[in-house]
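Enquirer: Quick one: structure below, then a few questions.
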Amino acid sequence: MPPEDDGAREGGPRINPSILAADFVNMQRDLARIATADFVHVDVMDNHFVPNLTFGPQMVERIQATSPIPLDVHLMITEPERWAPAYAELGAASVTFHLEAAAEPVTLARRLREIGARAGVAVKPATPVESLFDVLDEFDQILVMTVEPGFGGQSFMPETMPKLALLADEARRRGSAVWLQVDGGIGEATIAQAAEAGADTFVAGSAVFGAADPDAAIAGLRASADQHRHTH
């Protein structure tokens with residue numbers, strides 16, 4: 001079973017800074033600067049599912065050993081059935097794979113939970129979410145991408161918000177404790193929109209690592225999300 005959570009949506013907004021925006025040469029220093037965040041978001045890209053290449057298991061293992069907070073690993077890779085369990089075995093608290101890449105998403109989610117990680121599934125901006133409605137509780141987290149996956153620093157896509165709101169309303173209707181995460185272009189100007197639409201877990205890159213005081217940036221984002229949280 002997955003680790004105990006904090007009451008899911010009722011537990012307050014979670015801020016997960018993305019290390020794509022960190023200084024890769026000073027990773028340990030930058031991880032220490034976000035110790036007040038909830039998780040550190042680690043984007044694994046294979047230059048196949050997305051046109052970019054980032055970290056593999058060895059690097060993630062070092063981040064896991066160094067990070068003061070748990071790892072939220074986002075796998076933008078093909079064949080997640082083959083690779084995702086290894087990231088759970090490294091000790092990542094949460095492992096998210098893409099619905100578009102998975103042959104058997106529910107089977108993979110159950111495998112990740114067996115290992116001890118939270119199981120997440122991600123959808124690209126154009127991917128419908130209705131197919132997830134009947135299996136919401138097979139996942140601990142659904143990640144609605146608010147940019148096209150593959151690169152940091154892109155602009156937030158507000159047209160993804162109706163899809164997020166659909167998920168939030170369906171989760172509420174079913175009494176599901178699934179976390180709803182957004183990733184892409186999240187900052188002071190956009191986090192309110194995502195919170196109002198139903199997100200409770202927010203990936204922010206440059207909005208945190210680009211700030212003079214990352215702790216203050218995390219606190220500000222959390223407060224804004226809390227103020228605008230989905231209530232209907």
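Enquirer: Mind counting the residues in the stretch 84-106 that are assigned to a helix (DSSP H, G or I) and not aliphatic (A, V, I, L, M)?
Expert: In the first step, residues of the stretch 84-106 are kept if they are assigned to a helix (DSSP H, G or I); the result is 84-89, 105-106.
Subset that is not aliphatic (A, V, I, L, M): 85, 87, 89, 105.
So the answer is 4.
Enquirer: Please go through the stretch 38-70 and give me each residue that is aromatic (Phe, Trp, Tyr) and within 27 Å of GLY11 (Cα to Cα), ordered by number.
Expert: PHE39
Enquirer: Please go through the stretch 149-174 and give me each residue that is surrounded by 14 or more Cβ atoms within 10 Å (Cβ to Cβ), at pLDDT 95 or above and under 21 Å from ILE186 (Cα atoms), ordered by number.
Expert: Matches in the stretch 149-174: PHE156, MET157, THR160, MET161, LYS163, LEU164, ALA165, LEU166, LEU167, ALA168.
Enquirer: For LEU180, state whether it is assigned to a helix (DSSP H, G or I) and touching a residue at least 24 places away in the same chain (Cβ under 8 Å).
Expert: No.
Enquirer: Give just the number: which of (1) in a loop (DSSP other than H, G, I, E, B); (2) over 16 Å from VAL40 (Cβ atoms) does GLU81 not satisfy?
Expert: (1)
Enquirer: Right, next: Condition check: touching a Pro at 6+ places or on another chain (Cβ under 8 Å) and not in a helix (DSSP H, G or I). Does HIS48 satisfy that? I'd like the intermediate steps shown before the answer.
Expert: On the way: touching a Pro at 6+ places or on another chain (Cβ under 8 Å): no; not in a helix (DSSP H, G or I): yes.
For HIS48, the condition - touching a Pro at 6+ places or on another chain (Cβ under 8 Å) and not in a helix (DSSP H, G or I) - is not met.
Enquirer: Would you be able to say whether some residue in the stretch 118-133 is assigned to a helix (DSSP H, G or I), buried (at least 23 other Cβ atoms within 10 Å of the Cβ) and within 16 Å of the chain's Cα centre (by Cα)?
Expert: So far as the stretch 118-133 goes, no, none of its residues is assigned to a helix (DSSP H, G or I), buried (at least 23 other Cβ atoms within 10 Å of the Cβ) and within 16 Å of the chain's Cα centre (by Cα).
Enquirer: Could you check the stretch 45-79 and list, in sequence order, the residues that are hydrophobic (A, V, I, L, M, F, W, C), within 13 Å of ALA93 (Cβ to Cβ) and crowded, with 20+ Cβ neighbours inside 10 Å?
Expert: Hits for the stretch 45-79 are VAL60, ILE63, LEU71, VAL73.
Enquirer: Given (1) out of contact with any strand residue (DSSP E or B) (no Cβ under 8 Å at 6 or more places or on another chain); (2) small (Gly, Ala, Ser); (3) modelled with pLDDT under 95, identify the lone condition not met by ALA192.
Expert: The single condition ALA192 does not satisfy is (3).
Enquirer: If the Cβ limit is 7 Å and pairs must be 6+ apart or interchain, which residue in the stretch 204-232 that is among the charged types (D, E, K, R) pairs with which residue that is assigned to a loop (DSSP other than H, G, I, E, B) and at pLDDT 95 or above?
Expert: ASP215/THR36; ARG222/PRO13; ASP226/PRO13; ARG229/PRO13
Enquirer: Also: Can you name the residue in the stretch 1-44 that is farther than 19 Å from ALA92 by Cα, small (Gly, Ala, Ser) and out of contact with any Gly (no Cβ under 8 Å at 6 or more places or on another chain) and, of all such residues, is modelled with the lowest pLDDT?
Expert: GLY7
Enquirer: Among the residues of the stretch 118-148, which ones are in contact with a strand residue (DSSP E or B) (Cβ under 8 Å, 6 or more places away or on another chain) and more than 19 Å from THR190 (Cβ to Cβ)?
Expert: ARG118, ALA119, GLY120, VAL121, VAL129, LEU132, LEU136, GLU138, PHE139, ASP140, GLN141
Enquirer: Where residues in the stretch 190-212 are of a type in the set (Val, Ile, Thr) and more than 11 Å from SER18 (Cα to Cα), which of them is farthest from the chain's Cα centre (by Cα)? Before you say what the answer is, go through the steps one by one.
Expert: Step one: list which residues in the stretch 190-212 are of a type in the set (Val, Ile, Thr), which gives 190-191, 201, 203, 208.
With more than 11 Å from SER18 (Cα to Cα) added as a condition, the list becomes 190-191, 201.
Working: THR190: 16, ILE191: 14, THR201: 7 Å.
That would be THR190.
Enquirer: From GLY153, GLY187, grab the single residue that is under 15 Å from the mean Cα position of the chain (by Cα), within 25 Å of ALA22 (Cα to Cα) and part of a loop (DSSP other than H, G, I, E, B).
Expert: Residue meeting the stated conditions: GLY187.
The values are calculated or read from the model by the stated rules, or taken from the named source; none is laboratory data. All values reported here derive from a predicted model rather than from experimental measurement. Ideal geometry is used to build each Cβ from the backbone, glycine not excepted, and the neighbour counts take in all protein chains shown.
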